[in-house]
There are 2 protein chains.
Amino acid sequence: MSGNWRPPSSTDVARAAGVSQSAVSRAFTPGARIAEATRARILEAAEALGYRPNLLPKILQTNRSGIVAVVVGGFYNPYFAMTLEAFSKALTAAGRQMMLVRVDSDRILDGVVDQLAGYRVDAVVSALALTSQAAADQLSKLRIPIVTLNSDLAGDWIRSVSSDNFAAGVAAARLLRERGGTRFGFVAGPADSPAQVAREAGFAHGLAELGMASAMRAGGGYDYASGARAARDLFSGGERPDALFCANDLAAFGVIDVLREDFGLGAPGEVLLVGYDNLDMAAWAPYRLTSFDQDIQAHVAAAMELLDLEAGATCVARVVPSRLVERESTLRS
Amino acid sequence: MSGNWRPPSSTDVARAAGVSQSAVSRAFTPGARIAEATRARILEAAEALGYRPNLLPKILQTNRSGIVAVVVGGFYNPYFAMTLEAFSKALTAAGRQMMLVRVDSDRILDGVVDQLAGYRVDAVVSALALTSQAAADQLSKLRIPIVTLNSDLAGDWIRSVSSDNFAAGVAAARLLRERGGTRFGFVAGPADSPAQVAREAGFAHGLAELGMASAMRAGGGYDYASGARAARDLFSGGERPDALFCANDLAAFGVIDVLREDFGLGAPGEVLLVGYDNLDMAAWAPYRLTSFDQDIQAHVAAAMELLDLEAGATCVARVVPSRLVERESTLRS
DNA sequence: CGAATGTGTGCATAGCTATTCACTCGCCAT
DNA sequence: ATGGCGAGTGAATAGCTATGCACACATTCG
């Protein structure tokens with residue numbers, strides 16, 4: 001109604017209850033020294049006025065906002081949604097708020113850092129597949145802690161949580177060999193993703209250990225279309241692989257659909273397949289995909305711990321093991 | 001390093017540059033009266049100190065934080081991820097920040113409203129399937145505008161954006177009839193979702209208009225498992241439907257997989273199917289599901305408009321038409 | 001009964017920025 | 001020459017809360 005309305009302040013409540021502003025503050029501060037009768041009167045007045053304590057002055061003094069910024073690159077992959085959900089739960093449980101920041105590629109530099117600093121966010125979690133070292137350096141200079149997921153940034157205020165991508169790659173090679181694979185293929189993710197690089201390196205290492213020829217290679221993205229393209233590339237040539245490790249589940253689904261539709265190769269069946277992320281869909285009937293479960297709970301728990309490390313001198317890195325969940329995609333028909 | 005470090009303030013910069021605090025403020029305020037030479041000297045000093053203007057004092061005075069809270073119930077449905085992504089883009093483009101709040105059921109009351117009010121969020125967007133009227137009333141009393149998506153809350157500061165769920169239900173009935181359906185079934189979402197209720201009502205209305213018998217009914221959730229259960233229920237009895245309208249795509253996928261696996265009913269084929277949301281997956285080979293596209297861009301654009309309506313006296317509601325995307329699930333084999 | 005302890009309350013202040021007001025110059029026009 | 005004007009700058013202030021300090025009063029103990 002009125003043009004310049006202003007939410008009630010503690011002073012307004014104090015006036016209404018006939019006490020001082022400090023009394024109001026104490027009424028809302030657990031453990032503060034205040035008579036129960038006074039407290040009741042104040043709460044009543046506050047309720048009537050619709051008063052809620054303004055958090056900003058406290059933040060202004062302490063420079064601790066209780067806000068954690070989570071930076072993501074997009075949501076096309078359900079894995080991000082799962083991570084976001086887990087983070088949201090954990091932050092809420094810790095009494096903190098999540099500020100969600102979405103960036104296209106590395107345009108993060110243009111003002112986003114300024115914004116985050118301006119709001120005095122307590123820390124930044126980067127769930128970006130690719131993260132800009134420049135942005136990280138800026139945040140470091142501002143002494144804002146950063147926790148990266150599956151990334152390989154380094155710096156004073158940077159901590160990281162990763163899957164043991166390399167070990168999983170090795171395990172994938174062993175499993176596929178054990179199940180009877182002889183001609184191996186790797187469906188790659190984007191080249192600038194450290195997770196992709198480590199998974200591929202691990203797979204190559206595992207194959208070498210087993211004395212197998214190195215894998216054929218296709219793909220180059222974490223999305224469905226990229227997997228579909230990779231499958232066409234791999235199976236259009238003369239020498240077809242019979243065992244595939246895919247950089248993630250989403251790409252694996254693209255592979256499976258193309259194999260079935262375009263090449264009549266029913267999976268499970270003629271081609272062995274392993275993915276990564278263990279999405280809900282991996283258990284669905286058309287896929288039944290063997291996959292590495294990233295144990296998001298553990299990732300998030302580790303990240304939450306690292307958030308509050310104030311020292312920040314040494315670069316802390318945590319590695320969370322992935323758990324292999326085997327389904328029919330690694331069974332011969 | 002030092003225990004109580006404090007980020008540089010405008011006063012620190014002023015001291016370093018040999019000017020007053022107000023000059024520093026003006027150097028960072030576009031269009032402020034300041035000599036170019038002075039400005040340059042200040043920016044240099046600010047850069048050296050790593051100064052970023054603190055946004056909190058301004059918020060403290062204006063009570064406008066630039067933060068919009070987005071409330072969601074979970075991310076299990078990729079549709080939420082798509083909505084979130086679109087909102088994030090729109091808010092960033094408008095120079096605002098997103099605070100993401102996740103609530104289990106209606107525990108939103110327990111402190112979340114207090115938090116949001118405390119941070120002085122400019123508005124709340126509720127993407128919750130089910131939303132608590134009590135929470136909405138609290139926010140209204142605080143004069144915080146709310147925009148709900150596909151909900152039916154009402155109140156002074158509440159605006160809503162919805163799909164034309166009823167019309168889509170009618171359209172689904174007509175399409176299924178046109179394609180040859182004779183025995184209809186409805187796979188329901190959760191009973192407390194207004195969207196579910198409207199879709200079902202529209203479907204029933206459409207069938208009645210066509211002079212068909214009312215639909216068999218099963219399900220009761222928006223998730224995959226609920227759809228799977230519904231399919232078993234519907235096809236275990238004697239009279240099997242041959243045309244299904246599913247409350248959303250996720251449930252439809254569950255239906256399709258069960259029909260194929262448990263009953264050998266290939267879809268597309270013997271059973272006609274229509275879903276809702278037009279997820280990416282609806283286009284994938286195992287599904288090729290006819291679905292209603294909610295036009296998220298339009299939803300978000302409408303919501304962004306409604307956010308800044310300051311008047312708030314009348315309850316504004318926008319309806320966004322859904323677009324039918326037909327695929328093979330509505331073709332007879 | 002005096003001192004000491006404890007309880008409850010008010011006063012004053014820090015924290016940082018944008019903005020208004022006032023002031024000083026230099027310059028132009030009358 | 002002098003009033004007026006515009007540009008550039010500094011001082012002061014509002015905005016709200018938590019908290020340290022001081023004070024008043026009640027209670028208990030020696």
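The values are calculated or read from the model by the stated rules, or taken from the named source; none is laboratory data. Everything numeric here is computed off the predicted structure, so don't read it as measured data. Note that we place each Cβ from the backbone using ideal geometry, even for glycine, and neighbour counts take in every protein chain shown.
Remarks
- Residue match in region B:161-183 (condition: free of Cβ contacts under 8 Å to residues at least 12 places away in the same chain and within 20 Å of B:Arg327 (Cβ to Cβ)): yes
- Out of B:Leu116, B:Leu142, one residue alone is within 16 Å of DNA strand D (Cβ to nearest atom), within 11 Å of chain A (Cβ to nearest Cβ) and touching a strand residue (DSSP E or B) at 6+ places or on another chain (Cβ under 6 Å). It is B:Leu116.
- Checking each residue in region A:230-240 for being surrounded by fewer than 23 Cβ atoms within 10 Å (Cβ to Cβ) and in contact (Cβ under 8 Å) with a residue 40 or more places away in the chain picks out A:Glu239, A:Arg240.
- Residue that is modelled with pLDDT under 95 and within 16 Å of DNA strand C (Cβ to nearest atom), where the choices are A:Gly74, A:Gly3, A:Gly95: A:Gly3
A quick yes/no check of all residues on (1) under 30 Å from A:Pro8 (Cβ atoms); (2) within 14 Å of chain A (Cβ to nearest Cβ); (3) more than 8 Å from DNA strand C (Cβ to nearest atom):
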residue: B:Phe28; (1), (2), (3): no, yes, no
residue: B:Ile34; (1), (2), (3): no, no, yes
residue: B:Arg39; (1), (2), (3): no, no, yes
residue: B:Arg52; (1), (2), (3): no, yes, no
residue: B:Pro57; (1), (2), (3): yes, yes, no
residue: B:Leu60; (1), (2), (3): yes, yes, no
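- Strands (runs of 3 or more DSSP E) fully within region A:118-226 that include at least 1 residues being over 17 Å from the mean Cα position of the chain (by Cα) and either hydrophobic (A, V, I, L, M, F, W, C) or farther than 25 Å from A:Gly275 by Cα (or both): A:184-188, A:216-219.
- Within region A:267-296, the set of residues being out of contact with any Asp or Glu (no Cβ under 7 Å at 6 or more places or on another chain), within 14 Å of chain B (Cβ to nearest Cβ) and over 17 Å from B:Arg260 (Cβ atoms) comprises A:Asp280, A:Ile296.
- Tabulated pairs, region A:16-34, first surrounded by 12 or more Cβ atoms within 10 Å (Cβ to Cβ), second assigned to a loop (DSSP other than H, G, I, E, B) and basic (Lys, Arg), C-beta under 7 angstrom, 6+ apart or interchain: A:Arg26/A:Arg33
- Evaluation of B:Ala45 against (1) crowded, with 20+ Cβ neighbours inside 10 Å; (2) within 14 Å of chain A (Cβ to nearest Cβ) (one fails), failing number: (2)
- Of all residues in region A:172-205, those that are over 16 Å from A:Ala218 (Cα atoms), out of contact with any Lys or Arg (no Cβ under 6 Å at 6 or more places or on another chain) and surrounded by fewer than 20 Cβ atoms within 10 Å (Cβ to Cβ) total 8.
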